[in-house]
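Computed from the coordinates by the stated procedures, all read-outs in this text should not be read as laboratory data. Keep in mind that what you see is a predicted model, and the values were worked out from it rather than measured. Counting neighbours? That spans all protein chains shown, and the Cβs are built from the backbone with ideal geometry, glycine included.
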Amino acid sequence: MDKLLTKWLEQKGVKTPNDLDNSPMPDGSPNERETFENYRQGLDMKEVTVINIKNFCKGYMSHIESKWADYDLDAYKKAELIPYHTVYKAIVNLIESPKSNRETMKNQLKQLTK
């Protein structure tokens, strides 16, 4: 899969992944090289595990929280992120909760995704 991503980069005029911008983004979002590495890791993954899902959700929760901390971001745009954060948090809680709480969390998640 790495060859597929590299080929795509070459079609876009980027010779190697090292040529991608690695400068920190002002809003804390992943830069070009980090995004490429995330794609590469995702495509190289043999199978998705519960740990992968939990780490994915926690990563996006952290990204959303960094946007909430940005004073330059409009309050309306911050509010639009609440449902996403809520669903990611519910998934993480479902994964981490004891068996007795899982049914409650499943019902809550179903309600959030309607």
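Please state, rounded to one decimal and in Å, the Kirkwood hydrodynamic radius that the chain gives when every pair of distinct Cα atoms enters the mean of 1/r.
16.6
Using a basic spin-label model with each label point 7 Å from the Cα along Cα→Cβ, how many nm lie between E47 and D72?
4.5
By how many degrees, between 0 and 90 and to the nearest 10, does the Cα long axis of helix 82-96 differ from the longest principal axis of the chain?
Taking the Cα atoms of the chain, the angle to 82-96 is about 70 degrees.
Report the equivalent ellipsoid semi-axes for region 48-114 in whole Å, largest first, defined as the square roots of five times the eigenvalues of the gyration tensor built from alpha carbon atoms.
So the equivalent ellipsoid measures 25, 14, 8 Å along its semi-axes.
Taking only C-alpha pairs under 8 Å that are 6+ residues apart, what is the relative contact order of region 1-46 in percent?
So the answer I get is 37 percent.
By the gyration tensor of its Cα atoms, with a ≥ b ≥ c the square roots of the eigenvalues, what is the shape of region 1-68: rounded for a/c under 1.5, prolate for a/b over b/c, or oblate?
Oblate, since a/c reaches 1.5 and b/c is not below a/b.
Count charges around D21 for me, please; just the other residues with Cβ under 9 Å from its Cβ, Lys/Arg as +1, Asp/Glu as -1.
Here the charged neighbours net out to -1.
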